[in-house]
Amino acid sequence: MALTGYLFDPSVIHRLARPQVADRVDVLGVQRPLYRCAVTDLEVLRGSVSPADYEARRAARHLASWSPAEWIVPAGSVD
């Protein structure tokens with residue numbers, strides 16, 4: 001089973017505080033589903049610099065649905 005949507009890249013979560021990135025994510029999330037996988041979760045959480053940062057990054061994961069990586073069919077990227 002393949003899913004068509006956008007893979008939520010870790011760099012996006014790191015840049016969500018920028019209004020232009022957050023706005024683009026909102027638009028893309030309406031056009032197609034946003035997905036994350038175990039690898040992106042690991043990359044995002046591993047980059048935390050404090051317990052508070054870890055929790056903030058963990059909370060941001062709700063923006064994308066979880067999916068096994070092999071089900072994701074890339075449809076584009078956040079530029």
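Each value in this text was obtained by applying a stated rule to the coordinates, not by laboratory testing. Values in this document were obtained by computation on a predicted structure and should not be read as measured data. A quick note on method: Cβ atoms are made from the backbone with ideal geometry, for glycine too, and the neighbour counts reach across all protein chains shown.
Quick look at the numbers
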| item | result |
| --- | --- |
| FRET efficiency, VAL27 to THR4 (Cβ-Cβ, R0 22 Å, nearest 0.05) | 0.85 |
| nm² value of the averaged projected area, convex hull over the Cα atoms of region 3-74 | 4.5 nm² |
| Separation in nanometres of the label points that stand 7 Å from Cα toward Cβ, at ARG18 and ALA52 | 2.4 nm |
